[in-house]
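So the structure is just underneath, and the comments pick up after that.
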2 protein chains.
Amino acid sequence: MALRHAVLAVLLGGEFSGYQLAKVFDTGVANFWYASPQQLYTELTKLERAGLVDGQLVIQLDRPNKRVYSVTEAGVAELVRFAEAEAKPAVIRDDLLVKVHAVDRTDAAAVVARLEERAVQAAAKAELFDGTLRALRGDLDEAAFLATGDRIGPYLTCLRGWRFEQENLDWCRRSAALIRARWGAEMRDAAAE
Amino acid sequence: MALRHAVLAVLLGGEFSGYQLAKVFDTGVANFWYASPQQLYTELTKLERAGLVDGQLVIQLDRPNKRVYSVTEAGVAELVRFAEAEAKPAVIRDDLLVKVHAVDRTDAAAVVARLEERAVQAAAKAELFDGTLRALRGDLDEAAFLATGDRIGPYLTCLRGWRFEQENLDWCRRSAALIRARWGAEMRDAAAE
DNA sequence: TTCAACATGTAATAAGTTACATGATTCT
DNA sequence: AGAATCATGTAACTTATTACATGTTGAA
């Protein structure tokens, strides 16, 4: 009963097939929800049976046919109910932070490597979100778009995702540098062995 | 096989009972992992059977007895293996951002209310983490602590959590103000009905 | 004596992940 | 002919959530 609303919220932005949705959810939809393709296919089936979305077969000549979904009136009503309910605290589960938390007793060189990998990913995501924000704004500047644009919801969530990834990048770099500074000698010793 | 490492990482900081751990995980352990008490009790049982933690009964006169756990050598070895494995992308699932994403088609007043609730929670958490950071630093300033303190891992993760909550607070406030500005008239109309 | 905090679990259900399966179409 | 992308699912398994269940101790 949770993925359901995330899917409905994304489908407000237009018609999507399961495959297209899977790509959107794979990047984490501006960092607020992640779902696997398998989850999406089953969820779309459930949503359609519940009458919250409407699926239409699209015949394609240049590639395999697909089924695209759009939100029904009942689906919008469900989103309204959801908006009024209390928001649960966000669920965050991050492997990398567990590794950093334990760094003093494990393997500093390995943790630094993981931080650097994540930094690269964070930079890529920040740039991706930046592009999305520009596309949503169009010709308008941010203030004008937020005052007059037709859908500010996706813009606000994307802004949050963008800032999150920028902070992530900054934190990964600083943490890696600090760990290097403390375990530099040992890391060189280990490399020399 | 995921909560396991988060529990081990926290237990590196000392002995904890299931009940104490539950309180730590309830705040999200500096925003990198959330787990319910039920999960923790079952996980601790599994960890002890696997020999990764060691449980000791503590007789208490002033309150019910408890069982406190500490990480064994095998537990530390498991954390080292974990540190070297690739970090999975973080899982984030946030109800509130779904509500905001859909705000243009749902109930702006309700979403603003949820944003304000979250802002209060974020401010409280930021302050909590700030206190934790100060306690970890002791008399030292941040640079000195990071250079010479005996465990910087928990400090770095707490720093991340602190920044995250500050950003959260800022985003909630700005988003609420923007939504109010756009739907102010309608929100007043609805309130007047 | 009732409430809050301390303390620990089990069972049923829901959700999410991983592995398995298939097939079309385009490009090299 | 083989790889990449598009496209959609099912089944088995692992995790997480929710509901249930119990009991101690201290303070109001």
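Quick notes on this one:
- Selection from the stretch A:27-36 of residues that are buried (at least 20 other Cβ atoms within 10 Å of the Cβ) and either outside the structural domain of residue A:73 (by TED's automatic domain parsing) or out of contact with any Leu (no Cβ under 6 Å at 6 or more places or on another chain) (or both): A:28, A:29, A:30, A:31, A:33
- One residue from A:83, A:122, A:77 being more than 10 Å from DNA strand D (Cβ to nearest atom), free of Cβ contacts under 8 Å to residues at least 60 places away in the same chain, open to solvent by 40 Å² or more (accessible area, probe 1.4 Å) and not in a loop (DSSP other than H, G, I, E, B): A:77
- Flag if residue A:94 is buried (at least 22 other Cβ atoms within 10 Å of the Cβ) and not hydroxyl-bearing (Ser, Thr, Tyr): yes
- For residue A:133: the one exception among (1) free of Cβ contacts under 8 Å to residues at least 40 places away in the same chain; (2) open to solvent by 10 Å² or more (accessible area, probe 1.4 Å); (3) on the phi < 0 side of the Ramachandran plot; (4) away from every other protein chain (no Cβ under 11 Å): (2)
- Residue check for residue A:55: farther than 21 Å from residue A:73 by Cβ, open to solvent by less than 50 Å² (accessible area, probe 1.4 Å) and either in contact with a Phe, Trp or Tyr (Cβ under 6 Å, 6 or more places away or on another chain) or facing chain B (nearest Cβ under 9 Å) (or both): no
- Test result for residue A:124, among the small types (Gly, Ala, Ser) and more than 26 Å from residue B:85 (Cβ to Cβ): no
- Check on residue B:90, touching a Lys or Arg at 6+ places or on another chain (Cβ under 8 Å), under 25 Å from residue B:159 (Cα atoms), within 11 Å of another protein chain (Cβ to nearest Cβ) and at pLDDT below 95: yes
- The stretch B:97-118, subset among the aliphatic types (A, V, I, L, M) and more than 7 Å from chain A (Cβ to nearest Cβ), residue surrounded by the fewest Cβ atoms within 10 Å (Cβ to Cβ): B:113
- Residue-level analysis places residue A:144 outside the set of residues that are modelled with pLDDT of 95 or more and either within 17 Å of residue B:89 (Cα to Cα) or open to solvent by 60 Å² or more (accessible area, probe 1.4 Å) (or both).
- From the options B:150, B:139, B:130, residue that is part of a loop (DSSP other than H, G, I, E, B) and under 28 Å from residue A:114 (Cα atoms): B:150
- Test: residue in the stretch B:64-76 that is in contact with a Ser or Thr (Cβ under 8 Å, 6 or more places away or on another chain), at pLDDT 95 or above and within 28 Å of residue A:164 (Cα to Cα): no
- Leading residue by the ranking (farthest from DNA strand D (Cβ to nearest atom)) among those in the stretch A:61-71 that are more than 14 Å from chain B (Cβ to nearest Cβ) and surrounded by 10 or more Cβ atoms within 10 Å (Cβ to Cβ): A:69
- Considering (1) more than 7 Å from every other protein chain (Cβ to nearest Cβ); (2) crowded, with 21+ Cβ neighbours inside 10 Å; (3) not charged (D, E, K, R), the lone condition that residue A:138 does not fulfil carries the number (2).
- Scanning the stretch A:7-26 for residues that are open to solvent by 40 Å² or more (accessible area, probe 1.4 Å) and out of contact with any Lys or Arg (no Cβ under 7 Å at 6 or more places or on another chain) yields A:13, A:15, A:16, A:20, A:23, A:24, A:26.
- Elements of type helices (runs of 4 or more DSSP H) contained in the stretch A:1-62, each with 2 or more residues being without any contact (Cβ under 8 Å) to a residue 12 or more places away in the chain: A:18-26, A:37-49
- Residues being assigned to a strand (DSSP E or B) and among the hydroxyl-bearing types (Ser, Thr, Tyr) - total across the stretch A:63-74: 2
- Among the candidates A:39, A:20, the residue that is within 8 Å of DNA strand D (Cβ to nearest atom) and within 16 Å of the chain's Cα centre (by Cα) is uniquely A:20.
- Test: residue in the stretch A:151-171 that is within 22 Å of residue A:107 (Cα to Cα), modelled with pLDDT of 95 or more, more than 21 Å from the chain's Cα centre (by Cα) and buried (at least 18 other Cβ atoms within 10 Å of the Cβ): no
- Exactly one residue out of B:6, B:50, B:74, B:2 is within 11 Å of chain A (Cβ to nearest Cβ), aliphatic (A, V, I, L, M) and more than 10 Å from DNA strand C (Cβ to nearest atom): that is B:6.
The values are calculated or read from the model by the stated rules, or taken from the named source; none is laboratory data. What you see is a predicted model, and the numbers here were worked out from it, not measured in a lab. Methodologically, a virtual Cβ is constructed for each residue, glycine included, from the backbone with ideal geometry; neighbour enumeration extends over all protein chains shown. The protein model used for the area step is the full one, side chains on, heavy atoms only, and it has no ligands, DNA or RNA in it. Shrake-Rupley method; radii C 1.70, N 1.55, O 1.52, S 1.80 Å.
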